[in-house]
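Trainee: Before we start, here is the structure in question, set down as structure tokens.
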Amino acid sequence: MHTPNDHDSPNKQASLKEGYEVTDVSVQGIAVFVIALAISVGVFFVFCFGMGKVINNALSKSDGPVNQWHASSVEPAGKLKNMESNPALEQQELHRLAQSFPTPRLQGDDGNQDVMALHQREDLLLGHYSWVDQSQGKVRIPIERAMELIAQRGLPVASQPASTEPMMAGDEKPTVKSPLTDGFARTAYEQEQASAANLAGEQSSAHANNN
């Protein structure tokens with residue numbers, strides 16, 4: 001086990017006599033250490049700054065020329081402005097990009113209003129006369145009228161080639177059955193809107209009758 005007496009110093013006897021360490025701190029050693037530390041920090045800062053410039057230039061080249069999709073990221077900003085975070089401005093920027101983004105776009109909400117508008121446009125096409133090609137005299141007719149014409153005239157049936165292969169045991173000739181529904185149903189949102197409109201109409205009618 002080492003003890004303080006194992007290592008002698010030139011001032012050991014004087015230190016023992018005075019009762020404290022009489023050797024001064026090496027000012028030169030401290031100065032050399034501080035200068036070396038400052039040089040190291042400066043070299044590290046210059047290296048990081050240069051690497052940042054190289055990486056930013058590489059990213060700018062990979063992004064290509066400035067366009068409407070990343071113009072805000074390359075706009076010059078004031079001191080430390082590029083580090084600010086403003087949720088309101090970010091939402092406005094996102095809304096602006098969403099409005100100018102090419103179609104087809106993702107729905108910004110639950111889509112109830114979009115589906116309702118789609119069904120309204122389909123109802124206009126299915127329930128009214130409209131031109132398909134006026135130059136050729138092609139007209140789109142309401143679906144009810146089309147069903148009446150099909151019931152009167154029938155549909156053209158393609159001739160089926162006679163099958164020469166014998167049927168296997170348990171086989172039956174396929175028959176086409178009419179569907180139970182037309183395959184279309186209003187969404188819950190549309191049904192709620194229609195119910196609210198009907199209720200408002202009934203209330204207005206009852207109010208008019210009472211007056």
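The values are calculated or read from the model by the stated rules, or taken from the named source; none is laboratory data. Given the structure is predicted, the values throughout are model-derived calculations rather than measurements. Positions of Cβ are generated from backbone atoms using ideal geometry, with glycine treated the same way; all protein chains shown enter the neighbour counts.
Trainee: Considering each residue of region 68-100, count those that are of a type outside the set (Asp, Glu) and at pLDDT 70 or above, and give that number.
Mentor: Selection size over region 68-100: 13.
Trainee: Further, regarding this structure: For region 1-24, name all the residues that are among the aliphatic types (A, V, I, L, M) and either surrounded by 10 or more Cβ atoms within 10 Å (Cβ to Cβ) or at pLDDT 70 or above (or both). It would help to see each step written out before you state the result.
Mentor: Step one: list which residues in region 1-24 are among the aliphatic types (A, V, I, L, M), which gives 1, 14, 16, 22.
Answer for region 1-24, where residues must be among the aliphatic types (A, V, I, L, M) and either surrounded by 10 or more Cβ atoms within 10 Å (Cβ to Cβ) or at pLDDT 70 or above (or both): Ala14, Leu16, Val22.
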